[in-house]
Amino acid sequence: AEARLRQAQKMEAVGQLTGGIAHDFNNMLAVVLGGLDLAKRQMDRGTGDPRRHLDNAMEGASRAAALTRRLLAFSRADALTPEAVEPNGVIDGMFDLLERTLGEQIAIHKQVHACDWQIWADRNQLENALVNLAVNARDAMNGCGTLRFTTDCVVLQSGEVGQCPAGEYVSIAVTDTGCGMTPEVLERVYEPFFTTKPVGKGTGLGLSQVFGFVRQSQGEVAIRSAPGEGTCVTLYLPRHIPMAADQQPPASAIKAISP
Ligand code: ADP
């Protein structure tokens, strides 16, 4: 019986992993298909600049290629490559892509606190998390509305946000003017496979992946949402302070404290 339970747990883990990857891949294909569709329509009409949309499709395709490369890397057990990343820069780098993916009816705003704190995270995972949040916002807004990215540098007290220990954090808030969530939905959003979307549209893995990524990075997710009032998802990620060469303790100091 124990072996069967272990097997079931293993299968569940494999299911969550492959489901998560399929979810990301699906988002990327949505970018590719969306871009191709818009380009085709513009070419049919003979107006606009289809090249932009083709560029978008190509970018989506290369992200999908990067995902499969990471998948291969994962099977060699060197999946995540955390590095010092500046969230503002990541959002800037994705802005065009997000804008074109969400369509013309959704306005995207970016409010960036003038601070360049870095975090220690896998860049691709951060990008995937932001795409997940944007796609959720798009679905909640039914085609039109406003999506806002707000980054900030915050100092949290212990227990102020979930399990976060006291310290310095970069916060990234993604706010939409969509339908919002009932308390019953809000309670279950992190559950893998929990979705209120029709079959084929939602997998229920978006927010559980966002949560997994943020927890892996020692951060926390906070969601504020109410029916008719939109949703705000905030990621808190611990600040990473790069150690400059001239700030490293001199070798003599290290010797002094070692036994
Ligand atoms: P999926 O998007 O595939 O359904 P998620 O885990 O990303 O999976 O989301 C789970 C559920 O949480 C969604 O089906 C939806 O009901 C709700 N949800 C997530 N984000 C939002 C949002 N921005 N606005 C309203 N509801 C949301």
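The values are calculated or read from the model by the stated rules, or taken from the named source; none is laboratory data. All figures in this text were calculated on a predicted structure; none of them were measured in a lab. Please note: Cβ atoms are built from the backbone with ideal geometry, for glycine as well, and neighbour counts cover all protein chains shown.
Observations
- Scanning the range 116-171 for residues that are aliphatic (A, V, I, L, M), within 12 Å of the ligand (Cβ to nearest atom) and within 16 Å of Phe211 (Cβ to Cβ) gives Ala129, Val131, Leu133, Val135.
- From the options Glu99, Glu127, Glu104, residue that is of a type in the set (Asp, Glu) and more than 16 Å from the chain's Cα centre (by Cα): Glu104
- Among residues of the range 172-185, those that are buried (at least 16 other Cβ atoms within 10 Å of the Cβ), over 18 Å from the mean Cα position of the chain (by Cα) and either within 9 Å of the ligand (Cβ to nearest atom) or touching a residue at least 60 places away in the same chain (Cβ under 8 Å) (or both), counted: 4
- Residue selected from the range 186-223 under the condition within 8 Å of the ligand (Cβ to nearest atom) and polar (S, T, N, Q), by the criterion farthest from Met28 (Cα to Cα): Thr196
- Test: Thr18 is more than 15 Å from the chain's Cα centre (by Cα), among the β-branched types (Val, Ile, Thr), at pLDDT below 80 and farther than 23 Å from Arg215 by Cβ: no
- Residue in the range 131-140 that is nearest to the chain's Cα centre (by Cα), counting only those that are surrounded by 21 or more Cβ atoms within 10 Å (Cβ to Cβ) and modelled with pLDDT of 90 or more: Leu133
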